[in-house]
Amino acid sequence: MKKYILPAVVLLMLLNTKGRAQEFTLPIFPDTQVEVDLHMDMLYSQMDWIVNNKKKENIPFAVHMGDIVNYNNNIHWDRASLAFERLDQAAIPYALANGNHDNAAVGEFSGSAAPGNTRINVRDTEKYNRYFPTSRYRNIRGVFEKGRNENAFHTFLASGMNWLVINLEFCPRKTAVLWADSVTKAHPFYNTIVITHFYLTPKGTINPTNAGYGALSPQEMYDLFIKKNKNILLVLSGHVTESSFLVSTGDNGNKIYQILQDY
């Protein structure tokens with residue numbers, strides 16, 4: 001479906017506790033940096049579709065894969081904030097991954113790396129947290145660091161089942177991944193969705209690098225956290241301008257569906 005009409009969606013159909021299959025739709029925003037920069041009409045159209053189809057498509061929650069903005073400046077954050085106000089007003093909860101364009105790693109008016117130490121800059125998420133504070137997330141249940149939402153968890157109910165969404169920072173620090181592991185283990189009966197900006201390659205493999213300025217690579221994150229938890233169902237990511245899909249088997253025999261979308 002054309003992007004100016006609809007964000008990507010995942011149609012989930014699982015057996016609920018009564019043994020009946022029920023569908024719901026999870027809208028997924030791939031990197032919206034170009035829309036925020038040049039085509040706000042497209043982003044507003046996507047928001048409006050979600051709002052207008054909330055009941056028809058059974059939409060309980062929405063997620064963003066990161067690179068919400070193109071440049072880490074107030075102009076772009078103002079635009080992104082206004083767009084998401086449409087979901088706020090419709091009482092549709094969401095979670096946002098923090099991409100490399102959503103922090104000080106990228107310049108305020110350039111796509112190039114900002115001056116200074118990029119490994120340090122990538123953790124400077126002041127604007128991301130100012131425009132999307134904890135109070136803005138309807139279903140947020142906890143964060144890794146007080147006052148910072150780039151590592152957070154949310155819950156929602158759909159198809160008669162409990163769902164857990166964990167958003168993790170760009171190439172996350174080991175401490176953040178261990179925190180996510182503890183959150184997942186504390187919710188053993190929640191179907192779990194992990195969202196993070198950088199994870200799959202265009203070829204549908206888990207990326208073995210940390211992009212040169214992150215902390216853990218996606219492969220390290222998978223080995224340390226993803227594959228060890230039997231309730232992790234989905235891992236969603238963006239960053240590279242492609243789409244790909246991978247199904248892995250976790251240590252407990254569970255299937256883990258991993259999707260890259262950025263177009």
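Would you please give the FRET efficiency between Tyr44 and Ser110, computed as 1/(1 + (r/R0)^6) with r the Cβ-Cβ distance and R0 = 25 Å, to the nearest 0.05? Don't skip to the answer; put the middle values down first.
Working: r = 26 Å, r/R0 = 1.02.
About 0.45, to the nearest 0.05.
How long is the gain from Leu224 to Asn139 if the chain were fully straight, where each residue apart is worth 0.36 nm and the alpha carbon distance is subtracted? All intermediate terms of the calculation are to be shown ahead of the outcome.
On the way: separation 85, 0.36 × 85 = 30.60 nm, distance 2.64 nm.
Difference between extended and current length: 28.0 nm.
How far apart, in nanometres, would the label points at Asn53 and Lys255 be if each is projected 7 angstrom from Cα along the Cα-to-Cβ direction?
The two pseudo-label positions are separated by 2.4 nm.
Please report, in cubic angstrom per residue, the volume enclosed by the convex hull of the alpha-carbon atoms of the chain. Each step should come with its number before you reach the end.
Details: hull volume 30.5 nm³, N = 263.
Dividing the Cα hull volume of the chain by its residue count gives 116 Å³.
Would you please give the FRET efficiency between Glu23 and Ala186, computed as 1/(1 + (r/R0)^6) with r the Cβ-Cβ distance and R0 = 45 Å, to the nearest 0.05? It would help to have the intermediate numbers written out before the result.
Working: r = 28 Å, r/R0 = 0.62.
Plugging the Cβ-Cβ distance into 1/(1 + (r/R0)^6) gives 0.95.
Mind sorting Met47, Met65, Met161 by how few other Cβ atoms lie within 10 Å of their own Cβ, fewest first?
Working: Met47 23, Met65 29, Met161 17.
By the 10 Å Cβ count, ascending: Met161, Met47, Met65.
Starting from the exponent 0.38 and prefactor 2.2 Å, build the expected Rg for segment 26-178 from its residue count and divide its actual Cα Rg by it. List each step's numbers first, then the result.
Numbers: Rg = 15.3 Å, N = 153, 2.2 N^0.38 = 14.9 Å.
My calculation over the Cα atoms of segment 26-178 gives 1.03.
Suppose R0 equals 30 Å; then what is the FRET efficiency for Asp37 and Asn117 from their Cβ-Cβ distance, rounded to the nearest 0.05?
Values: r = 26 Å, r/R0 = 0.86.
FRET efficiency, Asp37 to Asn117: 0.70.
Of the beta bridges DSSP finds with both residues in the chain, what % are antiparallel, to the nearest 5? Present the calculation step by step, with values, prior to reporting the outcome.
On the way: 28 of 47 bridges.
Taking every DSSP beta bridge within the chain, about 60 percent pair in antiparallel fashion.
Test of understanding: in a Gaussian network model of the chain with alpha carbons linked when under 10 Å, which of Ser248, Ser159, Ser45 would top the mean-square fluctuation ranking?
Result for the chain, Cα springs under 10 Å: Ser248 fluctuates most.
Counting other beta carbons within 10 Å of each residue's own, what order do His197, His154 fall into, fewest first?
On the way: His197 30, His154 22.
Going from least to most buried by this count: His154, His197.
Mean-square fluctuation check for the chain, GNM, Cα pairs under 10 Å: which of Leu233, Leu168, Leu157 is largest?
Leu157
Values in this text are rule-based calculations from the coordinates and carry no lab data. As the structure is a prediction and not an experimental result, all values here were calculated from the model. Positions of Cβ are generated from backbone atoms using ideal geometry, with glycine treated the same way; all protein chains shown enter the neighbour counts.
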